[in-house]
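Here's the structure, in structure tokens; my notes come after.
The values are calculated or read from the model by the stated rules, or taken from the named source; none is laboratory data. Everything numeric here is computed off the predicted structure, so don't read it as measured data. As a convention, Cβ positions derive from the backbone with ideal geometry for all residues, glycine included, and neighbour counts pool all protein chains shown.
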Amino acid sequence: MNVQASGYTHSPHSSISIIRADIDRVGDVLKLLREAALWMESKGIKQWSPTQFNELDIAGYFKDRQVYMALDGENVAGMFTLQFSDPQYWGSRNDESYAYLHRLAVAGSYRGVGLGQRMLINASAWAKELGCTALRLDTVAHNIKLNRYYQSLGFHYMGTNDMGGGRLVNLYEHFEDNADHNEIILREDFKY
């Protein structure tokens, strides 16, 4: 599957282009993901660790996923990946007719200007262009703020998956035409 990425958004910094990245961007992806993980740790968010990211694994992203980067000129402002199957997180609910978003990250100097939302909108549109049923994603169940954020953008809770070791993830799907898009339902059926 291939798609021409041409989405953009405006920020106080300038016009940001969202492009499909090539493997020569491994270093940029690694730097951004480690920065995001450090930020999460500084906020007490237990989701990513800087040490979980390495060049070899990230190079693998370019083989089994599509990697997208938000660029402000030469500056990397954000990123996400799309893949077209996700049995690890979705288990028996996995369906290869969907696109699955992972590794959504925004660089520190671009947080709070709507870039994450813009990347999600573009990812959803590209999933449709690729002929996918819809866009799906997951997030750790204990991050209430992030769960509410996804729900506020039209993602609907589809269930919770136990990844083992007490790690629960909430599963979300984006519905284009839902009359209840302003209704936020947060499921808190998890253990600490």
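Does the stretch 142-158 contain any residue that is at pLDDT 95 or above, touching a strand residue (DSSP E or B) at 6+ places or on another chain (Cβ under 6 Å) and of a type in the set (D, E, K, R)? Checking the stretch 142-158: not a single residue is at pLDDT 95 or above, touching a strand residue (DSSP E or B) at 6+ places or on another chain (Cβ under 6 Å) and of a type in the set (D, E, K, R). Could you tell me how many of the residues in the stretch 36-65 are touching a strand residue (DSSP E or B) at 6+ places or on another chain (Cβ under 8 Å) and not in a loop (DSSP other than H, G, I, E, B)? The total comes to 3. Which ones in the stretch 161-181 are at pLDDT 90 or above, touching a helix residue (DSSP H, G or I) at 6+ places or on another chain (Cβ under 8 Å) and assigned to a loop (DSSP other than H, G, I, E, B)? The one that is at pLDDT 90 or above, touching a helix residue (DSSP H, G or I) at 6+ places or on another chain (Cβ under 8 Å) and assigned to a loop (DSSP other than H, G, I, E, B): Met163. Pairing residues of the stretch 85-110 that are free of Cβ contacts under 8 Å to residues at least 60 places away in the same chain and more than 12 Å from Val169 (Cβ to Cβ) with residues that are outside any strand (DSSP E or B) and of a type in the set (Ser, Thr, Tyr), at Cβ distances under 7 Å and at least 6 apart in sequence or on separate chains, gives Asn94/Ser85; Glu96/Ser85; Ser97/Thr133.
When you go through Arg136, Arg103 one by one, which is the residue that is assigned to a strand (DSSP E or B), in contact with a helix residue (DSSP H, G or I) (Cβ under 8 Å, 6 or more places away or on another chain) and more than 19 Å from Met69 (Cβ to Cβ)? Steps first, answer last, please.
Working: Arg103 fails: more than 19 Å from Met69 (Cβ to Cβ).
The unique qualifying residue is Arg136.
Just one of the listed residues (Leu71, Leu115) is more than 11 Å from the chain's Cα centre (by Cα), over 21 Å from His156 (Cβ atoms) and surrounded by 21 or more Cβ atoms within 10 Å (Cβ to Cβ), namely Leu115.
Does Ser97 satisfy the condition of being farther than 25 Å from Ile18 by Cα and among the hydroxyl-bearing types (Ser, Thr, Tyr)? Explain how you work it out, then say what you get.
Details: farther than 25 Å from Ile18 by Cα: no; among the hydroxyl-bearing types (Ser, Thr, Tyr): yes.
Considered against the rule, which asks whether it is farther than 25 Å from Ile18 by Cα and among the hydroxyl-bearing types (Ser, Thr, Tyr), Ser97 comes out as no.
Only one of (1) surrounded by fewer than 19 Cβ atoms within 10 Å (Cβ to Cβ); (2) at pLDDT 95 or above; (3) under 15 Å from the mean Cα position of the chain (by Cα) fails for Gln47. Which number is that? Gln47 satisfies every listed condition except (2). All conditions but one from (1) on the phi > 0 side of the Ramachandran plot; (2) modelled with pLDDT of 95 or more apply to Tyr68; the one that does not is (1).
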